[in-house]
Amino acid sequence: MRMEKIVLEKVCWKVKATTAFQFLQLYYSLIQESLPHERRNSLNFERLEAQLKACYCRIMFSKAKPSVLALSIIALEIQSLKCVELAEGVECLQKHSKINGRDLTFWQELVSKCLTEYSSNKCSKPNVQKLKWIVSGRTARQLKHSYYRITHLPTIPEMVP
């Protein structure tokens, strides 16, 4: 806990960033509230969460604004359901979140492409040969010996008030 406090002080206690998952939860709940009770099961949050996780497996999605990424995923899911009431909810969320239409369309296309590739057969079975780390005998011997030469980092001094 002391180390955690030191790190927090170094970053000036600025650690609260809103994530795409939090926006996904927020947008999902707002859309659910606007629906009549009999239609509330049309959107599946677990599916939306899985889609977000699939997107974050690609480095390019780390550049997306969390709000835009979350709304892109929800908008695509609603398009696939072909539900007019939900589409109006997405437009309302876009307006209130001040998300540019071009940005939303751009990220929707990337999300759609990612999810298509993610669900394809190509992605379901990875190439085992590419997953192996092949090291020559000489490199392996050097790695083994270099482990014992690791220098340990000095202790960070604490500032006691």
Margin query: I need the full set of residues from region 58-70 which are touching a residue at least 12 places away in the same chain (Cβ under 8 Å) and open to solvent by 70 Å² or more (accessible area, probe 1.4 Å), in order please.
Written below: 58, 60, 65
Checklist line | All positions within region 24-53 that are under 19 Å from residue 98 (Cα atoms) and in contact (Cβ under 8 Å) with a residue 60 or more places away in the chain | finding: 27, 30, 31
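Residue 55 - would you say it is within 25 Å of residue 35 (Cβ to Cβ), modelled with pLDDT of 90 or more, touching a Cys at 6+ places or on another chain (Cβ under 6 Å) and open to solvent by less than 40 Å² (accessible area, probe 1.4 Å)? Talk me through it step by step, then tell me what you get.
Details: within 25 Å of residue 35 (Cβ to Cβ): yes; modelled with pLDDT of 90 or more: yes; touching a Cys at 6+ places or on another chain (Cβ under 6 Å): yes; open to solvent by less than 40 Å² (accessible area, probe 1.4 Å): yes.
Yes; evaluated as a whole, the condition is true for this residue.
Within region 83-98, is there a residue that is under 13 Å from the mean Cα position of the chain (by Cα) and not hydrophobic (A, V, I, L, M, F, W, C)?
Kept after step one, since they are under 13 Å from the mean Cα position of the chain (by Cα), are these residues of region 83-98: none.
Within region 83-98, not a single residue is under 13 Å from the mean Cα position of the chain (by Cα) and not hydrophobic (A, V, I, L, M, F, W, C).
Give the residue that is most open to solvent (accessible area, probe 1.4 Å), with candidates limited to residues of region 111-123 that are small (Gly, Ala, Ser) and farther than 19 Å from residue 28 by Cα. Break it down into steps so the answer makes sense when it comes.
At the first step, the residues of region 111-123 found to be small (Gly, Ala, Ser) are 112, 119-120.
So of that shortlist, the ones also farther than 19 Å from residue 28 by Cα come out as 119-120.
Values: 119: 90, 120: 39 Å².
Across region 111-123, the extreme among qualifying residues is 119.
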Note to self: Between a residue in region 107-118 that is farther than 14 Å from residue 66 by Cα and any residue that is open to solvent by 50 Å² or more (accessible area, probe 1.4 Å), which pairs come within a Cβ distance under 6 Å, given they are 6 or more apart or on different chains?
What the structure shows: 114/58; 117/123
Check: Within the group 94, 108, which residue is touching a Gly at 6+ places or on another chain (Cβ under 9 Å) and either surrounded by 12 or more Cβ atoms within 10 Å (Cβ to Cβ) or modelled with pLDDT under 85 (or both)?
Finding: 94
Checklist line | Filter result for residue 39 (open to solvent by 20 Å² or more (accessible area, probe 1.4 Å) and touching a Leu at 6+ places or on another chain (Cβ under 9 Å)) | finding: yes
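The values are calculated or read from the model by the stated rules, or taken from the named source; none is laboratory data. Note that the coordinates shown come from a computational prediction; the quantities given were computed from them, not determined experimentally. Virtual Cβ from ideal backbone geometry, glycine too; neighbours counted across all protein chains shown. The accessibility values were calculated without ligands, DNA or RNA, using every heavy atom of the protein model including side chains. Shrake-Rupley method; radii C 1.70, N 1.55, O 1.52, S 1.80 Å.
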